[in-house]
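Here is the structure we will look at.
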Amino acid sequence: MKQVINVIGLVFLTGLVTLKGFAQNMDTATGYRKIKVLPVPSFGYSPETGSYIGAVALFILDFYHDTNTRISNAKVEFNYTWRRQMIFEGEWNYFFKQEKWYTQGLLQYMKYPDLYYGIGETTPQNDEVLFESNRVVADFNILRKVADKTFLGPKFRYLDYRAVQYDTSDIVYEELKDAGIGGIGLTLLKDTRNNLLNSSAGTYLEMTPTYNYAGNYSYLKLWADARGYKSIGPKLILSGRFLNEVTIGNAPFFDRSLIGGDNKIRGFYYGRYREQNLSTIQAEARMIVWWRLGFAVFGGLTKLYPGFEALSFNNVKANYGAGIRFVIDRKQNINLRLDYAIASGGQDGFYISFGESF
């Protein structure tokens, strides 16, 4: 409980620093600026990193300032964890003028001691093996508007995992050998959300098949992501997400569907369970209750399975939790978010970030 209270206090302090940062970037004459830059310290706790500290810069991009182009954003973040992990990440969501083009993407470099449990939805905790690798991830698309709020275009992905070392020398884990994975696909996206960082209305519907190649592996991945948002009254927002990942062929360990993380299935150690396929449904309700402060509750169910013949309600993974919201920019309706999540198997985690999980 003391740890929770300390984290909440840090969130409020960061929120006040954040407000000051935004205020310094406002044009007092017109109240409008094309770029807002928010550099603040970052801190938090997650199952896969433990405690971490670093810095993050959030960019709010409004180059065109018209009603036909939504606000874009980008984020650059560096963190160092108590488990000697270094994580550098850059991501973006950018609309060109009149939303004729749209691009979103992620770049990561990680020096990352991690835990391996094997493959499957029932791998035991005592199979845990510590390994270390350097990771490079590039995942982005370039989409052309083909109809109202509808985009189509190529997707590119590259994953590189190198210099794997184990905490044991008497066993060789074939799955953890160096891997370079390349993929190309086609994304069809229907995005009617009113705010990319804190949606209160609209839908997000994405279909992306990718062909992937990694040494002796070649396989097809099918990604389907459906999200919906609904405002109930002036302050309550309901949201839901259904995500389905299907692999046709045999994917290597590092590109298997996995559970965990801040933006996917909160509460689980990232990568605690991996399999060929994944289906998850997540729901969240959030509300501003006083001044800039609000709260949220969320939960979900997830199923990992090797093939459709093994799809059942056995070993369904559950996660649920609650969080605090601090509105750092009322004009753009952007939240600083603190979530605490509990997951099946006694796992839990804190997550601190700008914007919502989905």
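The values are calculated or read from the model by the stated rules, or taken from the named source; none is laboratory data. Since the structure is predicted, the reported quantities are computational estimates derived from the model, not experimental observations. Virtual Cβ from ideal backbone geometry, glycine too; neighbours counted across all protein chains shown.
Yes/no matrix, rows are residues, columns are (1) touching an Asp or Glu at 6+ places or on another chain (Cβ under 9 Å); (2) surrounded by 18 or more Cβ atoms within 10 Å (Cβ to Cβ); (3) on the phi < 0 side of the Ramachandran plot:
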{"site": "Leu189", "(1), (2), (3)": "yes, yes, yes"}
{"site": "Thr203", "(1), (2), (3)": "yes, no, yes"}
{"site": "Leu222", "(1), (2), (3)": "yes, no, yes"}
{"site": "Ser231", "(1), (2), (3)": "no, no, yes"}
{"site": "Arg241", "(1), (2), (3)": "yes, yes, yes"}
If we ask which residues in segment 226-266 are in a strand (DSSP E or B), in contact (Cβ under 8 Å) with a residue 40 or more places away in the chain and of a type in the set (S, T, N, Q), their number turns out to be 2
A careful count of residues in segment 145-187 that are surrounded by 15 or more Cβ atoms within 10 Å (Cβ to Cβ), at positive phi and over 24 Å from the mean Cα position of the chain (by Cα) gives 0
Q | Residue check, Val164 farther than 21 Å from Ser72 by Cα and not in a strand (DSSP E or B) | A | no
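Condition check ((1) surrounded by fewer than 17 Cβ atoms within 10 Å (Cβ to Cβ); (2) within 20 Å of the chain's Cα centre (by Cα); (3) modelled with pLDDT of 90 or more) across all residues:
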| residue | (1), (2), (3) |
| --- | --- |
| Met86 | yes, yes, yes |
| Tyr112 | no, yes, no |
| Asn126 | yes, no, no |
| Ala138 | yes, yes, yes |
The lone condition Ile181 fails out of (1) more than 25 Å from Phe242 (Cα to Cα); (2) modelled with pLDDT of 80 or more; (3) in a loop (DSSP other than H, G, I, E, B) is (3)
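Which residue, of Gly294, Gly345, is within 30 Å of Ala179 (Cα to Cα) and touching a residue at least 40 places away in the same chain (Cβ under 8 Å)? Give the steps one after another, and end with the answer.
Working: Gly294 fails: within 30 Å of Ala179 (Cα to Cα).
Only one candidate qualifies: Gly345.
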Residue hits (segment 134-157; among the small types (Gly, Ala, Ser) and touching a Leu at 6+ places or on another chain (Cβ under 8 Å)) are Ala138, Gly153
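Restricting to segment 8-63, and then to whatever is of a type in the set (Lys, Arg) and at pLDDT 80 or above, can you tell me which residue is farthest from the chain's Cα centre (by Cα)? Give the steps one after another, and end with the answer.
Applying the first criterion (of a type in the set (Lys, Arg)) to segment 8-63 yields 20, 33-34, 36.
Next cut, at pLDDT 80 or above only: 34, 36.
Numbers: Lys34: 26, Lys36: 22 Å.
Per the stated criteria, the residue is Lys34.
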Among the residues of segment 301-326, the number that are of a type in the set (Phe, Trp, Tyr) and surrounded by 15 or more Cβ atoms within 10 Å (Cβ to Cβ) is 3
